[in-house]
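Since the structure comes first, as structure tokens, the remarks are kept for the end.
Just so it is clear, none of the values below were taken in a lab; they were calculated from the coordinates. These numbers come from a predicted model, not from an experiment. Note that we place each Cβ from the backbone using ideal geometry, even for glycine, and neighbour counts take in every protein chain shown.
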Amino acid sequence: MARILVTGVGGPAGLSLARQLRGLGHWVLGVDMQEVPASAADIVSLVSPASSAGYLWELRGLVANHGIELLVPTVSDELVLVAEAREDFAPGVEVLIADPAPVRIANDKYLTMRCLDTAGVAVPGFGLPGDFASVSEAMARFGGALVVKPRVSRGGRGVQILERTADGGRNAARIWASLDDSWIVQRFAPGTEYAPVVFRGELATGDDGLVVVLEKTELKEGRVGNAVSVRKVELSMAADVAHVARAATAALGLTGPIDVDVRRMPDGKPVVLEVNARFGANSAHAPELLDHALRRYVPGRLV
């Protein structure tokens, strides 16, 4: 049994992970900036927001006080901060996150698109609002409907589709007028959406990693948003999705658990929409992901 701290235990990713870990017999300290039910973990602790100057010191104190061996961040807001500090916890404490540089890129959806596009990984057409004189110019360049979303955000927050509807595009123009370059514009990929979960090991360990393809069968906002339900897809039925997910994580240089968002274009080609350097909300549908992540562990210590 390992003693594990999971952040964001009140959110879907953290709560799912805590449940899986406890089901495997591990002891879990769950932390969150909001009150959550005590049943979410063996112990639940309230912490400051990740933007607080003292957040890392709070985590360090909890790690020391509870004899934590492994810290698993699940909140997008904290990933860069925790990655940069991953060597600064108590001796012997492992932090399950990639190096700071790739985490920093993955945290910004526009930088992610630029990196993947440069590496030849399939992505939809993309840009910044400032690259276009108007929403009409953006639609004309990309050949149809657009998706706009904050470059840095949690999950599906702020995602909107802009298209010409019965109002002649007036609503799209109104939304466009409110955007600045803290947003990203992408061509809307209308096909099936997937949430492949990836574990990519350190090259020095010889770990070939793992990809499990999950199909989003229902989305919170209808055509966009977080998944309401998913189903596991056999790799033989979605080999192209698995391939582009692997290629994306390799191009970014990420390691550890990674949550990828992929969608098919009208011609059926899968494109990467974004990449999250953490466990996602749907990891319980691919329990082998956590098994793979914990493979290096034996009760009480790292091997």
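Calculated mean residue ellipticity, 222 nm, the chain: -8000 deg cm²/dmol, from DSSP H runs (n ≥ 4) at -39500 (n - 2.57) each, averaged per residue and rounded to 500.
Close amide H contacts of residue 273 (hydrogens built in the peptide plane, cut-off under 5 Å, sequence separation of 5 or more or a different chain): 261, 262, 263. Computed from phi, the 3J(HN,Hα) profile of the range 50-55 under the Karplus parametrisation 6.51, -1.76, 1.60 (θ = phi - 60°) reads 4, 6, 5, 4, x, 4 Hz, with x in place of Gly and Pro.
Here the dipole of the range 126-187 is about 240 debye; that uses its Cα centre as origin and unit charges on the Cβ of Lys and Arg (positive) and Asp and Glu (negative). For 15, 252, what's the fewest-to-most ordering of other Cβ within 10 Å of each Cβ? Ascending number of Cβ neighbours within 10 Å: 15, 252. Across every direction, the projection of the convex hull enclosing the Cα atoms of the range 126-187 has a mean area of 3.8 nm². Of all stretches in the chain that contain no GluC sites (Glu not before Pro) in a DSSP loop with at most 10 other Cβ atoms within 10 Å, the longest one is 88-233.
Full extension of the chain between residue 247 and residue 48 gives 68.1 nm of extra length, using 0.36 nm per residue less the Cα-Cα distance.
Between the residues 182, 128, 158, the greatest Cα displacement towards the positive end of the dipole of the range 126-187, with unit charges on the Cβ of Lys, Arg, Asp and Glu, is found for 158.
Each of 49, 284, 74 was placed along the dipole of the chain (beta-carbon charges, centred on the mean Cα), and the one lying farthest toward the positive end is 284.
Report the paramagnetic label zone for residue 64: residues of the range 85-100 whose backbone N is under 18 Å from a point 7 Å from Cα along the Cα-to-Cβ axis. Answer for the range 85-100: 85-95.
First select every other residue whose beta carbon is under 12 angstrom from the beta carbon of residue 79; then total the charges, Lys and Arg +1, Asp and Glu -1.
Counting the neighbours of residue 79, the net charge comes to -2.
Would you order 9, 135 from fewest to most other beta-carbon atoms within 10 Å of each residue's own beta-carbon?
Working: 9 27, 135 23.
Ranked by crowding around the Cβ, least crowded first: 135, 9.
Normalised radius of gyration (Cα atoms, divided by 2.2 N^0.38 Å) for the chain: 1.02. For the range 14-30, what does the Karplus curve 6.51 cos²θ - 1.76 cosθ + 1.60, with θ = phi - 60°, yield as ³J(HN,Hα) per residue in whole Hz, taken in order and with x for Gly and Pro? Karplus-based 3J(HN,Hα) across the range 14-30 equals x, 5, 4, 5, 4, 5, 5, 4, 5, x, 8, x, 8, 8, 10, 9, x Hz. Couplings 3J(HN,Hα) of the range 57-70, computed from phi: 5, 5, 4, 4, x, 5, 4, 5, 5, 10, x, 5, 9, 9 Hz, in residue order, whole Hz [Karplus 6.51 cos²θ - 1.76 cosθ + 1.60, θ = phi - 60°; x for Gly and Pro]. Sites listed here are trypsin sites (Lys or Arg not before Pro) in the range 135-173 whose DSSP assignment is loop and whose Cβ has at most 12 other Cβ atoms within 10 Å: 157.
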